[in-house]
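Read through the structure below, which is laid out as structure tokens, and then see the notes.
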Amino acid sequence: MSSPQADPPVPVADEKKPAAEEGGEAAKAGALKRKREREEEVLMKEKERKIVMRCGADGKPAVAGAEGAKNGTTHVGATCLWLVCDEINRCIGRLERLGGVTTLQKWLDEDAAAKEALLASHKAYQAYVTAHVLPEDKVATFLKMHCQDGPQRKHGNAGTTNAVVAKCLHAHTATFLSTVPNPVGRVVYLALQAASSLSDEVDADKLFADAIAAAAAAPDAALTEEDVGRFAAHCEQLLPTFGGTAKSGGRRKKKRLH
């Protein structure tokens with residue numbers, strides 16, 4: 001839309017935005033959408049991935065599935081689900097800096113039900129990626145490289161040699177957001193959903209304890225794209241709250257930006 005020739009009017013209270021301004025905002029929104037589509041195309045092509053979960057009406061990728069090729073070889077990695085939403089990634093990174101891995105590892109070590117749920121999650125992950133993510137010609141290689149008993153066996157999306165490990169929170173959450181049950185990913189999801197801030201005033205121990213209690217109190221349910229979209233939007237709102245130090249176990253941890 002062409003700009004008006006006359007001088008712009010002086011803004012007054014409750015005045016509607018000029019048509020030119022509204023057109024400019026629409027153009028910006030369109031440019032952002034096209035930029036996101038280009039970034040998505042590059043991401044999917046370079047990493048040989050396909051989208052597993054999107055963020056609701058926004059439509060941007062939340063989780064991408066690696067299709068098994070690496071550098072043009074026949075190698076198939078143990079991690080097949082990748083968290084590609086920047087807002088969610090950064091908030092999970094913040095939780096890790098607030099002691100999330102240590103806290104959730106202690107929970108897994110002490111809670112037999114949580115441990116059994118994680119072991120079941122590894123089996124569900126294997127079934128999911130072989131059925132829905134990996135190409136047929138890569139399934140046998142994946143199973144042979146990572147799923148046979150022995151010292152080289154990998155467990156779950158994190159691809160750990162120890163089957164009961166909380167790290168990496170990103171991998172566990174990618175599993176959960178992909179509709180595969182995962183107790184660690186679910187606690188991370190609930191903790192971030194409940195957080196109003198991830199600033200230096202956050203009591204990280206209480207945040208995780210409340211999330212663990214919430215997970216135990218309610219039955220697990222697969223997420224929808226709308227659920228993930230709301231989750232991503234909430235994580236975006238949390239980003240400006242990063243800062244300072246965090247209270248965890250009575251100790252103060254120095255803040256580091258993620």
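A short reminder: the numbers here are calculations on the coordinates, not readings from a lab. Everything quoted here is computed from the prediction, not taken from an experiment. Counting neighbours? That spans all protein chains shown, and the Cβs are built from the backbone with ideal geometry, glycine included.
Filter the cross-link list K50/K123; K106/K154; K50/K167; K167/K206; K60/K154 down to pairs whose alpha-carbon distance in this structure exceeds 26 Å. Cα-Cα > 26 Å for K60/K154; rest within. Rounded to the nearest 0.05, what FRET efficiency do D137 and I51 have when you use their Cβ-Cβ distance and R0 = 25 Å? Working from the Cβ atoms, E equals 0.75.
When region 87-204 is described by a simple charge dipole with +1 on each Lys and Arg Cβ and -1 on each Asp and Glu Cβ, the residue from G100, A117, A127 located farthest towards its positive end is A127. Give the calculated FRET efficiency between E226 and A120 to the nearest 0.05, with a Förster radius of 35 Å applied to their Cβ-Cβ distance. According to the calculation, E is roughly 0.85.
In sequence order, region 82-96 has phi-based couplings of 10, 7, 10, 7, 4, 5, 5, 4, 5, 5, 5, x, 5, 4, 4 Hz under the Karplus curve 6.51 cos²θ - 1.76 cosθ + 1.60, θ = phi - 60°, and Gly or Pro positions carry x. Label point 7 Å out from S196 along Cα-to-Cβ: which residues of region 223-244 have amide N under 18 Å? Under 18 Å, as judged by backbone N against the label point of S196, lie 234-243 of region 223-244. Under a plain spin-label model, where a point goes 7 Å from the Cα along Cα-to-Cβ, how far apart in nm are A233 and A213? Calculated label separation equals 2.9 nm. Rounded to whole numbers, the Karplus 3J(HN,Hα) couplings from phi for region 150-167 are x, x, 8, 5, 10, 10, x, 5, 6, x, 8, 7, 8, 6, 10, 10, 6, 7 Hz, using 6.51 cos²θ - 1.76 cosθ + 1.60 with θ = phi - 60°, and x at Gly and Pro.
Distance between the modelled labels on K106 and A163, one decimal in nanometres: 2.6 nm (7 Å Cα→Cβ projection).
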